[in-house]
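Have a look at the structure below, then the notes.
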Amino acid sequence: MPSSRKRPLLLISFLSFAAIGIALISQHVYDYAPCAWCVFQRLIYLTIGIVALLGAAGGPVAARIAGVLTAILSAGGIVAAWYQYTVAAKMLSCDQTFADRFMVSTGLDGAVPWLFGIFATCMDASVEVLGVEYALWSLALFAIVLLVSLAAALRGGSRA
C-alpha cells in the first residue's frame with residue numbers, strides 16, 4: 001500500500017495519463033482531430049504524469065518538489081485550456097500561436113505524430129463531449145490536478 005505522501009502523486013499521475021489516453025481514443029477511434037492547443041495540453045499532462053511518478057518514487061523532499069512542480073504545470077494547463085476555449089477556438093487558424101510554434105519548434109509534432117501531431121485548426125477541433133467543450137473538460141481536470149498537487153506539496157515532507 002502506498003504511503004500517504006505518495007497517494008496524491010500517484011493519483012495525479014493516473015489522472016494525467018488517463019487524460020492522454022482519452023484524448024488518444026478520441027483522436028484515433030472517434031476521429032477527433034487535435035489542434036495545436038490540444039496537443040500542447042497533452043504535453044503538459046505527460047510532463048505532470050512523469051513528474052508525479054518521479055516524486056512518488058522519491059523521498060519526502062522529492063514528493064514536496066513534485067507537488068510544487070505539478071501545481072505549476074497544472075496552472076499552466078489551466079491557462080492553456082482557457083486560452084483554447086476563449087480565444088483559439090474562435091480563430092480560423094491557430095497557426096503561429098504559442099502552442100503551434102512551441103510544438104513545431106520542439107519537433108514533437110513530426111517525431112511523434114500519433115501523440116503530438118497537429119491535424120486541425122482550433123476552430124475545427126472545438127467539439128463537445130456530453131454537451132461540454134473538450135477544452136473545458138481539460139480545464140476542469142487541470143483544476144483538479146492543481147488541487148491534488150497542492151495537497152501533495154503540503155503533505156510531501158510531513159509523513160513517510
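Numerical summary
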| read-out | value |
| --- | --- |
| Residue in the range 57-72 that is surrounded by fewer than 23 Cβ atoms within 10 Å (Cβ to Cβ) and outside any helix (DSSP H, G or I) present | yes |
| Of all residues making up the range 21-45, the number that are under 12 Å from the mean Cα position of the chain (by Cα) and surrounded by fewer than 17 Cβ atoms within 10 Å (Cβ to Cβ) | 2 |
| Which listed residue is open to solvent by less than 10 Å² (accessible area, probe 1.4 Å) and closer than 25 Å to Ser13 by Cβ, from Ile78, Ile48 | Ile48 |
| Residue match in the range 5-17 (condition: touching a residue at least 60 places away in the same chain (Cβ under 8 Å), touching a Pro at 6+ places or on another chain (Cβ under 8 Å) and more than 17 Å from Arg155 (Cβ to Cβ)) | no |
| Selection status of Ala18, surrounded by fewer than 16 Cβ atoms within 10 Å (Cβ to Cβ), touching a Phe, Trp or Tyr at 6+ places or on another chain (Cβ under 7 Å) and either of a type outside the set (D, E, K, R) or within 30 Å of Lys90 (Cα to Cα) (or both) | no |
| Matching residues, the range 110-130, being loosely packed, with under 14 Cβ neighbours inside 10 Å and either in a helix (DSSP H, G or I) or at pLDDT 85 or above (or both) | Gly110, Ala111, Pro113, Trp114 |
| Single residue of Tyr85, Tyr45 found to be outside any loop (DSSP other than H, G, I, E, B) and in contact with a strand residue (DSSP E or B) (Cβ under 7 Å, 6 or more places away or on another chain) | Tyr85 |
| Checklist (1) over 21 Å from Phe142 (Cα atoms); (2) touching a residue at least 12 places away in the same chain (Cβ under 8 Å) applied to Ala111, failing item | (2) |
| Yes/no for Ser93 being among the polar types (S, T, N, Q) and at pLDDT 90 or above | no |
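The values are calculated or read from the model by the stated rules, or taken from the named source; none is laboratory data. In this text, all values refer to a predicted model and were calculated from it rather than measured experimentally. Don't worry about glycine lacking a Cβ; one is built from the backbone with ideal geometry, like all the others, and counts go over all protein chains shown. These area figures cover heavy atoms from the full protein model, side chains too; ligands, DNA and RNA do not enter into them. Shrake-Rupley method; radii C 1.70, N 1.55, O 1.52, S 1.80 Å.
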